[in-house]
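These notes are about the structure you will find just below.
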């Protein structure tokens, strides 16, 4: 997965908007004005995804590239560094 695949997937969902509400590099995806995904467009590709708290813990325990959300509420957010160890379908 790369940033364009992430954009295409997120924007294909009903009601999703994208923007840069924090700075010129942090791309944020929202639905009904609530953030569910964000990424930095100028650094190593990673994705912050909002997640059910219990599922967030399970994913962290199972995948080494899934960590507690970077600069986010660790209970509800995971940061993922996509690589071959994690299937794209888990991110979607």
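Once you order the gyration tensor axes a ≥ b ≥ c over the Cα atoms, which shape class does the stretch 26-80 get: rounded for a/c under 1.5, otherwise prolate or oblate by comparing a/b with b/c? Cα axes put the stretch 26-80 in the oblate bin. The simple Förster model, with R0 at 22 Å and r as the Cβ-Cβ distance, assigns residue 9 and residue 52 a FRET efficiency of 0.70.
Relative to the compact-globule estimate of 2.2 N^0.38 Å, the Cα radius of gyration of the chain comes out at 1.02. Rounded to the nearest 500, the 222 nm mean residue ellipticity of the chain from helices alone is -6500 deg cm²/dmol, with -39,500 (n - 2.57) taken per DSSP H run of at least 4 residues.
With both labels modelled 7 Å from their Cα along Cα-to-Cβ, the residue 23 to residue 65 distance reads 2.4 nm.
Want the number for residue 76 to residue 41: 0.36 nm per residue separation, take away the alpha-carbon distance, what's left? If you can, show how the numbers build up before the last one.
Values: separation 35, 0.36 × 35 = 12.60 nm, distance 2.21 nm.
Going from the current span to full extension adds 10.4 nm.
Read the figures in this text as sums done on the coordinates, not as results from a lab. Owing to the predicted nature of the structure, the values given are computational and were not obtained by experimental measurement. Every residue, glycine as well, gets a Cβ built from its backbone with ideal geometry; the counts of neighbours run over all protein chains shown.
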